[in-house]
Structure formats: C-alpha cells, structure tokens
Amino acid sequence: QVQLVESGGGLVQAGGSLRLSCAASGGTFTSYTMGWFRQAPGKEREFVAAINWSRVNTYYADSVKGRFTISRDNVKKTVYLQMNNLKPEDTAVYYCAALRPGLRVGDDRSYEYWGQGTQVTVSS
C-alpha cells in the first residue's frame, strides 16, 4: 500500500510558477512510474506528466510541454511538478498517482494509488 500526499498548490497570476510536491510513504517507491493528473470543474481528469523510476523516461501532455517539468527524488520518495508560465486553463485540482507496472502511462485507469489532490488556480 502506497500513500501519496500532494502539496504546493495555490493561487497564482497568469505567467507565474508553482512547484507541486507529492510525498510517498509505504510500499516501494522505486517500483512505480509516477504520474500527475488534473481535473478542472466539469471536466474529466486528464493526464499531465509522468516519470519512470530511473528518471530516464518522462512523458508530457501536449498542453504542458515546454512549460511543466516532472522530476523525482527516490531518496526522499517525492515526485515534483514544476509549472512555469501558468495559464488560466491550467486551473484544476492536481493529483499524483502511482502506475501499475506495465500499463499505459496516459490512462488514469492504469494507476493504482492516488493522492487527495491539491488545488491550483491561475488568475488572468
């Protein structure tokens, strides 16, 4: 069993930056590819970014490429999402999740463990 706790959300103006953190406990952190998803009001949850255990492979949604960077510290058991040049359309609750081995990175049904989410609001 892996527990995930996100932090770092908040209110920021368009063009600003935030860094989200997701601290893991329990389980074997390095066993999992870790992902970030987001869900805006009235919309379905969507994939944002993911990183494999060795940090060699990273994956991004087209909407965030060049603006967001995912990273992880396996010693601290923490995954990060650095978000730069934020836009109002980035407003959502952001969730981190642990991927079941061998499944699709971009599909939320592939993820076994989820955090409670952290709110990000970008004002125009």
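The values are calculated or read from the model by the stated rules, or taken from the named source; none is laboratory data. Keep in mind that what you see is a predicted model, and the values were worked out from it rather than measured. Positions of Cβ are backbone-derived with ideal geometry, glycine not excepted, and every protein chain shown enters the neighbour counts. Ligands, DNA and RNA are stripped out before the accessible areas are found, and what is left, the full protein with its side chains, is counted by its heavy atoms. Shrake-Rupley method; radii C 1.70, N 1.55, O 1.52, S 1.80 Å.
The aspartates and glutamates whose alpha-carbon is closer than 16 Å to the alpha-carbon of Lys77, local same-chain residues fewer than 8 away aside, are Glu6. Extension gain, Asp73 to Ala14: 0.36 nm times the residue separation minus the Cα-Cα distance gives 18.4 nm. Ligands, DNA and RNA are left out, and with a 1.4 angstrom probe the accessible area of the chain is 51 Å² per residue.
Dipole orientation for the chain: of the candidates Thr69, Val120, Val12, Thr69 has the Cα lying most toward the positive pole (charges on Cβ; Lys, Arg +1; Asp, Glu -1).
Using θ = phi - 60° in the Karplus curve 6.51 cos²θ - 1.76 cosθ + 1.60, the 3J(HN,Hα) couplings for segment 88-103 round to x, 6, 7, 4, 4, 8, 9, 10, 9, 8, 10, 7, 5, x, x, 9 Hz; x is entered for Gly and Pro. Computed about its Cα centre, the charge dipole of the chain is approximately 240 debye, with only Lys, Arg, Asp and Glu carrying charge at their Cβ. The accessible surface of the chain, taken with every protein chain in place and a 1.4 Å probe, is 47 percent carbon and sulfur. Between Asn52 and Thr121, the C-beta separation translates, for a Förster distance of 25 Å, into a calculated FRET efficiency of about 0.25. Taking one quarter of the surface of the C-alpha convex hull of segment 1-90 gives a mean projected area of 6.1 nm².
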